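Colleague: Before anything else, here's the structure in question.
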Protein chains: 2
Amino acid sequence: MVNEPDAGLLSLNTATVRKQWPLPQIIDGCVRHDIRGISPWRDQVAAAGLKESAQRIRDSGLTVTGYCRGGMFPAIDREARRAANDDNRRAIDEALALGAPCLVLVVGGLPQDRDGVIRSKDLAGAREMVRDGIGDLLEYARGAGMPLAIEPLHPMYAADRACINTLEQALDVCDALDPARSGALGVAVDLYHVWWDPKLAAQIERAGLERLLAFHVCDWLTPTRDLLNDRGMMGDGVIDLPLIRSWMEAAGYRGMHEVEIFSALDWWKRDGDDVLATCRRRHADAS
Amino acid sequence: MVNEPDAGLLSLNTATVRKQWPLPQIIDGCVRHDIRGISPWRDQVAAAGLKESAQRIRDSGLTVTGYCRGGMFPAIDREARRAANDDNRRAIDEALALGAPCLVLVVGGLPQDRDGVIRSKDLAGAREMVRDGIGDLLEYARGAGMPLAIEPLHPMYAADRACINTLEQALDVCDALDPARSGALGVAVDLYHVWWDPKLAAQIERAGLERLLAFHVCDWLTPTRDLLNDRGMMGDGVIDLPLIRSWMEAAGYRGMHEVEIFSALDWWKRDGDDVLATCRRRHADAS
């Protein structure tokens with residue numbers, strides 16, 4: 001049998017209550033529910049102010065478990081790629097100011113124009129742009145001392161959000177760009193995206209301590225009614241969360257368990273305190 | 001550049017116009033639009049009668065490119081597994097009567113009870129049931145001379161429809177159960193399910209002629225509005241169909257190109273002749 005999770009390892013990805021509260025209130029909510037980690041999103045930080053957010057998080061005694069997010073490397077022309085690169089450097093600076101342990105990278109899908117319309121079917125080419133983009137950014141990130149965490153996204157997002165779709169593929173990029181396993185480049189393992197993968201256990205073992213930079217939990221609902229915003233609370237779906245957590249622990253991971261639930265149909269409609277109390281309970285009972 | 005597809009290789013999976021017509025009319029529609037292949041579903045065959053359907057297909061000069069479908073191996077108890085096994089043997093008998101070149105297997109997801117409720121989170125266990133179930137069925141299939149085509153389904157169906165989710169995984173099962181590459185066991189490559197896979201080209205090459213038993217085409221729409229029934233017509237989405245067809249051809253595949261589109265939101269609402277004419281045109285222009 002799998003051991004129970006340490007209650008002190010619960011962290012909140014702020015997307016989970018993004019519809020209910022702005023960042024300052026989310027921080028207060030974490031304190032109220034004794035949730036000791038937080039992973040904020042850039043838009044929320046921008047709205048509340050970077051300095052003010054960093055101060056408030058520090059004052060609240062919260063541990064930052066990641067900063068969401070950089071990436072979106074593929075672009076239709078050089079100008080758009082340079083803009084993405086500049087924006088990613090700013091994200092690194094912000095992550096530093098917040099005391100984040102890593103910048104999470106959602107790498108982008110097929111190249112889109114400025115209106116968000118996909119303009120190429122060259123998936124292999126998009127993947128090259130991603131590898132090159134991470135390689136460029138990695139130099140800056142190393143200089144800044146901010147690790148980059150590639151988040152493989154579920155294959156259903158390959159076209160429009162991220163063309164890195166398995167942990168194996170993410171680790172291949174890590175090995176190509178950081179063969180020394182320096183700690184500057186790794187992965188964010190989000191169970192929503194990878195739970196189905198027949199190679200998951202083996203690839204978590206392959207990743208090992210140096211590459212396992214973040215661990216996100218939620219659940220996969222059946223049926224899933226919306227591709228983007230119908231994630232489930234831990235215990236409400238089909239993922240064997242304790243089993244996969246045991247694989248992470250066997251690989252040496254001792255970091256926090258970050259709850260990230262996009263749920264337009266359910267959790268975003270509920271009272272924020274109800275959501276956080278449920279996260280707390282389900283982390284103990286079903287994670 | 002990739003060559004144009006041979007117009008004579010177009011085949012229709014009958015699910016594409018299942019809402020418009022029963023099987024006899026679909027057969028007539030294929031003839032009317034000079035579509036020379038057909039891949040019928042069991043429910044449609046049952047409704048029209050097995051003997052009558054086989055006769056009508058023969059009389060129309062159509063080539064059967066597959067029979068949909070067997071599988072659904074995982075079950076909560078021995079009785080349910082035996083029922084599935086019996087049903088799969090009947091599917092083989094029907095495939096023989098229809099002159100199909102293979103029985104397509106959608107292998108099933110996590111074990112469900114009789115009400116369709118998922119009763120286990122043991123994904124590895126479900127995969128073992130699938131491998132064992134295919135192994136059992138393969139004996140009968142060999143005796144009957146009916147090849148089995150494992151269809152890897154998109155990872156978004158891992159829980160409720162099929163826990164074989166990549167071509168690599170399907171081929172691993174093939175290698176375990178049919179190491180001699182006898183032709184009795186192979187795969188159905190449906191681009192909707194596998195287009196995103198970074199290992200797709202390599203795994204198609206690995207499969208080779210003996211394992212490539214069927215080739216299904218449609219397109220992936222962005223956004224996809226429904227997990228099940230929002231597939232796109234060739235050319236309307238993001239899949240580089242000619243490129244992947246070229247990989248199939250390089251691996252020796254010379255079979256037909258079967259159009260299979262589940263589309264409650266669009267194509268199932270249109271006139272059947274409009275759909276078939278569009279399939280014909282898009283096969284030439286965008287496949």
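The values are calculated or read from the model by the stated rules, or taken from the named source; none is laboratory data. The structure displayed is predicted, hence computed values, not measured ones. FYI the Cβ positions are ideal-geometry reconstructions off the backbone, even for glycines, and counts take in every protein chain you see. When the accessible area is computed, the model is the full protein with side chains, heavy atoms only, and any ligands, DNA or RNA have been set aside. Shrake-Rupley method; radii C 1.70, N 1.55, O 1.52, S 1.80 Å.
Colleague: Name the pairs: first residue in the range A:63-80 and on the phi > 0 side of the Ramachandran plot and part of a strand (DSSP E or B), second residue among the small types (Gly, Ala, Ser) and open to solvent by less than 20 Å² (accessible area, probe 1.4 Å), Cβ to Cβ under 7 Å, at least 6 apart or on different chains?
Modeller: Correct list of pairs: A:GLY71/A:GLY108.
Colleague: Could you check the range B:63-73 and list, in sequence order, the residues that are surrounded by fewer than 22 Cβ atoms within 10 Å (Cβ to Cβ) and touching a Cys at 6+ places or on another chain (Cβ under 6 Å)?
Modeller: none
Colleague: Is it the case that some residue within the range A:202-217 is within 11 Å of chain B (Cβ to nearest Cβ) and touching a residue at least 24 places away in the same chain (Cβ under 8 Å)?
Modeller: Within the range A:202-217 (the criterion being within 11 Å of chain B (Cβ to nearest Cβ) and touching a residue at least 24 places away in the same chain (Cβ under 8 Å)), the answer is no, since none of the residues qualifies.
Colleague: Tell me yes or no: at least one residue of the range B:198-205 is acidic (Asp, Glu) and within 24 Å of A:ARG127 (Cα to Cα).
Modeller: Checked against the condition, which is being acidic (Asp, Glu) and within 24 Å of A:ARG127 (Cα to Cα), the range B:198-205 yields at least one hit.
Colleague: Follow-up. Can you name the condition, by its number, that B:ASN3 falls short on among (1) touching a strand residue (DSSP E or B) at 6+ places or on another chain (Cβ under 8 Å); (2) within 24 Å of B:GLY235 (Cβ to Cβ)?
Modeller: Just one mismatch for B:ASN3, condition (1).
Colleague: Just to be sure I understand, how many residues within the range A:147-161 are assigned to a loop (DSSP other than H, G, I, E, B) and among the aromatic types (Phe, Trp, Tyr)?
Modeller: Looking only at that region, the number is 0.
Colleague: Also, quick follow-up: Test each condition in (1) in contact with a strand residue (DSSP E or B) (Cβ under 9 Å, 6 or more places away or on another chain); (2) not in a helix (DSSP H, G or I) for B:ILE204 and report the one that comes out false.
Modeller: Of (1) in contact with a strand residue (DSSP E or B) (Cβ under 9 Å, 6 or more places away or on another chain); (2) not in a helix (DSSP H, G or I), only one is false for B:ILE204: (2).
Colleague: If you don't mind, there's one more thing I want to ask. What are the pairs, 6+ residues apart or on separate chains, where a residue within the range B:224-242 that is closer than 15 Å to B:ARG280 by Cα has its Cβ under 6 Å from a residue that is of a type in the set (D, E, K, R) and not in a loop (DSSP other than H, G, I, E, B)?
Modeller: B:GLY232/B:ASP219; B:MET233/B:ARG282; B:MET234/B:ASP219; B:MET234/B:ARG282; B:GLY235/B:ARG282; B:ASP236/B:ASP219
Colleague: Also, quick follow-up: Please count how many residues of the range A:152-161 are more than 17 Å from B:HIS193 (Cα to Cα) and buried (at least 24 other Cβ atoms within 10 Å of the Cβ).
Modeller: 1
Colleague: Just to check your reading of the model, which residue among B:ALA97, B:ALA124 is open to solvent by 40 Å² or more (accessible area, probe 1.4 Å), of a type outside the set (Ser, Thr, Tyr) and touching a Pro at 6+ places or on another chain (Cβ under 9 Å)?
Modeller: Being open to solvent by 40 Å² or more (accessible area, probe 1.4 Å), of a type outside the set (Ser, Thr, Tyr) and touching a Pro at 6+ places or on another chain (Cβ under 9 Å) holds for just one of B:ALA97, B:ALA124, which is B:ALA124.
Colleague: Looking only at the range A:162-197, filter to residues that are part of a helix (DSSP H, G or I), open to solvent by 10 Å² or more (accessible area, probe 1.4 Å) and within 12 Å of chain B (Cβ to nearest Cβ); which one of those is nearest to A:ILE134 (Cα to Cα)?
Modeller: Ranking the candidates gives A:VAL173 first.
Colleague: Right, here's the next one. Condition first: in contact with a helix residue (DSSP H, G or I) (Cβ under 8 Å, 6 or more places away or on another chain) and within 12 Å of chain B (Cβ to nearest Cβ). Can you find one or more residues in the range A:133-151 that meet it?
Modeller: So far as the range A:133-151 goes, no, none of its residues is in contact with a helix residue (DSSP H, G or I) (Cβ under 8 Å, 6 or more places away or on another chain) and within 12 Å of chain B (Cβ to nearest Cβ).
Colleague: Still on this structure, please answer the following. What's the total number of residues in the range B:1-24 that are in a helix (DSSP H, G or I) and open to solvent by 10 Å² or more (accessible area, probe 1.4 Å)?
Modeller: 4
Colleague: Identify the residue in the range A:237-247 that is within 9 Å of chain B (Cβ to nearest Cβ) and not in a loop (DSSP other than H, G, I, E, B) and, among all such residues, is surrounded by the most Cβ atoms within 10 Å (Cβ to Cβ).
Modeller: A:LEU241
Colleague: Of all residues in the range B:250-287 being free of Cβ contacts under 8 Å to residues at least 24 places away in the same chain and assigned to a helix (DSSP H, G or I), which is least open to solvent (accessible area, probe 1.4 Å)?
Modeller: Ranking the candidates gives B:ASP274 first.
Colleague: If we keep just the residues of the range A:218-236 that are touching a Ser or Thr at 6+ places or on another chain (Cβ under 7 Å) and in a loop (DSSP other than H, G, I, E, B), which is nearest to the other protein chains (Cβ to nearest Cβ)?
Modeller: A:LEU227
Colleague: Could you list, in sequence order, the residues of the range A:25-53 that are in a strand (DSSP E or B) and open to solvent by less than 20 Å² (accessible area, probe 1.4 Å)?
Modeller: Hits for the range A:25-53 are A:GLY37, A:ILE38, A:SER39.
Colleague: Which of (1) crowded, with 20+ Cβ neighbours inside 10 Å; (2) among the aliphatic types (A, V, I, L, M); (3) farther than 21 Å from A:TRP220 by Cβ does B:VAL130 not meet, given it meets every other one?
Modeller: With (1) crowded, with 20+ Cβ neighbours inside 10 Å; (2) among the aliphatic types (A, V, I, L, M); (3) farther than 21 Å from A:TRP220 by Cβ applied to B:VAL130, the lone miss is (3).
Colleague: Next question, about the same structure. Test of understanding: among A:ILE92, A:ILE76, which residue is away from every other protein chain (no Cβ under 14 Å), touching a strand residue (DSSP E or B) at 6+ places or on another chain (Cβ under 9 Å) and open to solvent by 20 Å² or more (accessible area, probe 1.4 Å)?
Modeller: After applying the criteria, what remains is A:ILE76.
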